[in-house]
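**Q** Right, I'll just put the structure down here and ask away after.
Laboratory data are not the source of any read-out in this text; all were calculated from the coordinates shown. Just so you know, these numbers come straight off a predicted model, no measurement behind them. Methodologically, a virtual Cβ is constructed for each residue, glycine included, from the backbone with ideal geometry; neighbour enumeration extends over all protein chains shown.
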């Protein structure tokens, strides 16, 4: 052992000649973290956080040398005098009722709020420029941020990092609710990570899985923080967070079990070599005495307890940097299983494809006696293509009735009878034994009123305009240019002659 | 009688109707049409089309003031006049069929002053160059050439021309005036501009095939450049690479950029990119047990790296990238092969108008079980030598092939001699003016072609400003005032770009004709039809009335 250590020392000396410590003191550090928490309704939330901390000032216009901190953002902060920057791109809405308190919530769409440094003279110009540049970096439509959707809150959005003053004239806040978040926003976000998506936790960030989820929120937070406890110097902190909620419950046939591979279709193989900390936390807090139900594999090396959002939580911790983790197997696939079979419950859901197949939702539920069970489904109204409307579109569109099939316990036990011999009205549904009978109920079909455009509107407008103009102008014109002249009394038309003949017969003077 | 009165009244009534119809038509033509025209007209300020057209011809005249100073004993015998005297030589550089550029060398022949004579009495040419510097005309573009006697020991043996670090040169006399003149002309071209450097600056206008391979290498002239040094470490598990880029930039790059700050604004930064790989898998060579990148695969190297470099979102200046690539452990050592298959000595290559890449091999540890990761400290002197050479190459400062009797002083720590800066300024001024002319010509053509474009007054004033600046730059070039000409050309570029990219030009650009008809027809048709019909009726009636008297006869 001693000989080995000596050989190692020699090698180090050869690698770094004239240097006592190989490598100079790092001024930046990266920490990465993944928090997996099962949600009350059986879904799973995964929250990634990557924190790059840089012990350097970002002065305007000076030479800067970047290592872990991404150059694109560093230049932006330096060039525009940004004090603090918070950008969140979110798809979906965090359903607090079914998922509980959110760890990091963001509004649907894009949210950007920025504190500028007091040295910035024209904040509006810098804000416009910043949103344009960010829209280029993140491939988002942030360039649609202008004075019509920008506000300056005076009370709510205080700086999260170090700040000398909180003059709210330096704050700008904007939300674009229409922004659709997709792969093209994720790729540049991943590119900001020092390890990219090649190593570490970021390996799990596979776009096709992340966007196949109920909620996806990615964010970038830049702020100045204290370098040490005495807080004499400033460090810059970049936090990249990504929260995603997988509907493992309904897509996994109603089972609450999950694993990293099932959610991300990847497993962890190593830590990012540049990270000083790389950990996976799994929330295994006991919920109403169900502690013994949960089983996490592989067994965590340590357990961490903390009070989060007013509740005591227990987390299983996996440290990717500890060499023992990858000793037994080459990859880490955290799995969570429920030991006791859960309530007999089966959910099968096949989502629809537009114009190809309808939705199918099947649920097997055991209903308690004397209870009311309501199943509600939310839907969105969408506009159809104009050729797809029926001739009477205002009537609405039918959604076929839902079906309820049940085996109802019989009050009186029946004896088994021969199907061939029994009357026909009792023998359509076979019953296995006499203790229950089969019932199939149908609900009313649903008539949904879809938004219907006014198909004839443009035609009407053109017709009406033409008519009005033509009538007004034409009659006016006629009136002014018509030639009036005195009509010679003539012998009259056929009617008059007929009348005169009749009058002649009667002896009355003609007209 | 009554019938006659009725006919007269009828006739009066008919005349009134005619007058009403005519006045309708008159109102529509006199009031309606101009009103419609004025309200739907796009505002188009007047532009100096003739001047822009004149700029397009590029009537350049480049004047180089040259002072030829004869040391005692170096004056050739066959001088046409007694010293001092002036002489002008002209040279025509033809760019294409339409454009040719006249260069005028305004030579002043004189003999040395006492101070200059004293300065020439030193041991070496370098010392003489340093001593003569304060005595020279310090303005940009002005050259001073000292003709020393044939027997002078200032110049080394076999060297007849010595170009110093500044704007001076020493020339060995001998061979009469004609020989001296050709030598001086050659020297002037080296120190100011040659036909090929001007052609490279105007490369957009030179027909294909006439340009050398180097002409498209130079960076386009711009108001600023961003220089990014990137260290690519594709294998951070095996190599922990450190480079002292801060020190290297301040020591080697900053002096050059300080000198170049006259030409443009520069910003420098650096970054380290991990897991950034080249787009080509190198070939393993068994003989040398190394990996090879052949010359024809180099074009494919850059693209995958480029995506990670991080474009300069915060500015519009062109970016120069210098990449230091430390190959992954499984692919090292990695060598670049040239077209003949020989390894490139610097292990680096450059991409025109983009930047350069250097491969930095990490020495393999003595024993294969050495602990990973391996700490590597980059030798910045070796790297910066290559990058600075590439930087000079990209700016078109590479030294051309010269006859063996020419000796160029190395620029030393500044990385750039004064006359090289002048060369750059000549080329950039010419290129700027050509760019302005191209921009304005295309703007004028565009505005001429699409009548819907609004030309606001501020756009027009920018165009006027650009034309005026370009013209003044040309006038100053013809006078030999290089510095002020360059400043004026920069202003012209700024103004012309601002005019060309003004967003107000796009406001009414897309206004298709069918929409116009859709709007106008419901309005105009019901109005025009009665007017036209009644006009036709009036015409028919007047024709009939003219015929009636002939019938009476």
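**Q** Report, in degrees rounded to the nearest 10, the 0 to 90 angle that the Cα long axis of helix A:457-481 makes with the longest principal axis of chain A.
**A** Relative to chain A, helix A:457-481 is tipped by roughly 40 degrees.
**Q** Once you place label points 7 Å from the Cα toward the Cβ at residue B:338 and residue B:315, how far apart are they in nm?
**A** Taking the two extended label points, one gets 3.4 nm.
**Q** Helix-only estimate, please: 222 nm mean residue ellipticity of chain B, summing -39500 (n - 2.57) across DSSP H runs of length 4 or more and dividing by its residues, to the nearest 500.
**A** Helix contribution divided over all residues of chain B: -13500 deg cm²/dmol.
**Q** Calculate, in nm to one decimal, what residue B:450 and residue B:75 gain on full extension: separation in residues at 0.36 nm each, minus their alpha carbon distance.
**A** Gain on extension, residue B:450 to residue B:75, equals 128.5 nm.
**Q** Now for a separate question. Express the relative contact order of the stretch A:61-171 as a whole percentage, based on alpha carbon pairs under 8 Å and six or more residues apart in sequence.
**A** 25
**Q** Counting other beta carbons within 10 Å of each Cβ, put A:477, A:442, B:162 in order, fewest first.
**A** A:442, A:477, B:162
**Q** For chain A, what is the calculated [θ] at 222 nm in deg cm²/dmol (nearest 500), taking -39500 (n - 2.57) for each run of four or more DSSP H residues and dividing by its residue count?
**A** Result for chain A, helices only: -6000 deg cm²/dmol.
**Q** A further question on this structure: On a 0 to 90° scale, report how tilted helix A:2-15 is relative to the longest principal axis of chain A, with both axes built from alpha carbons and the result rounded to the nearest 10.
**A** Tilt relative to chain A: about 60 degrees.
**Q** A further question on this structure: Give the angle, between 0 and 90 degrees and rounded to the nearest 10, that separates the Cα long axis of helix B:513-552 from the longest principal axis of the Cα atoms of chain B.
**A** 40
**Q** Let me ask something else about it. Which FRET efficiency value, to the nearest 0.05, do you get for residue B:53 and residue A:225 by plugging their Cβ-Cβ distance into 1/(1 + (r/R0)^6) with R0 = 45 Å?
**A** Taking R0 as 45 Å, the efficiency between residue B:53 and residue A:225 is 0.15.
**Q** Please order B:206, B:147 by the number of other Cβ within 10 Å, starting at the fewest.
**A** B:206, B:147
**Q** Can you tell me the relative contact order of chain B? Whole percent, Cα pairs under 8 Å, sequence separation 6 or more.
**A** Value for chain B: 17 percent.
**Q** Relative contact order of chain A: what whole-number percent is it, with Cα pairs under 8 angstrom and at least 6 residues apart?
**A** For chain A, the relative contact order is 13 percent.
**Q** Gain in length, residue B:33 to residue B:410, computed as 0.36 nm per residue apart minus the alpha-carbon separation, to one decimal in nm?
**A** 128.2 nm
**Q** If you don't mind, there's one more thing I want to ask. Take peptide B:490-496, look around each residue's Cβ out to 10 angstrom, count Cβ atoms belonging to other protein chains, and average those counts.
**A** Average neighbour count from other chains, rounded to a whole number: 0.
**Q** Points 7 angstrom from Cα along the Cβ direction at residue B:307 and residue A:29: gap in nanometres?
**A** Spacing of the two 7 Å Cα→Cβ label points: 3.3 nm.
**Q** Which distance in nm do the two modelled labels at residue B:87 and residue A:367 give, with both placed 7 Å along the Cα-to-Cβ direction?
**A** 11.5
**Q** Same structure again: Between residue A:232 and residue A:166, what FRET efficiency comes out of the Förster formula 1/(1 + (r/R0)^6) with R0 = 25 Å and r the beta carbon distance, rounded to 0.05?
**A** Approximately 0.75, to the nearest 0.05.
**Q** Can you give the FRET efficiency for residue A:504 and residue A:479, using 1/(1 + (r/R0)^6), R0 = 45 Å, r = Cβ-Cβ distance, to the nearest 0.05?
**A** Once the sixth-power term is evaluated, E becomes 0.65.
**Q** May I ask you to compute the full-extension gain from residue B:7 to residue B:179, defined as 0.36 nm times their residue separation minus their alpha-carbon distance, rounded to one decimal in nm?
**A** Taking residue B:7 through residue B:179 to full extension adds about 50.9 nm, to one decimal.
**Q** Also: Within the stretch B:24-45, list the residues whose amide N lies under 13 Å from a label point set 7 Å along Cα→Cβ of residue B:460.
**A** B:42-45
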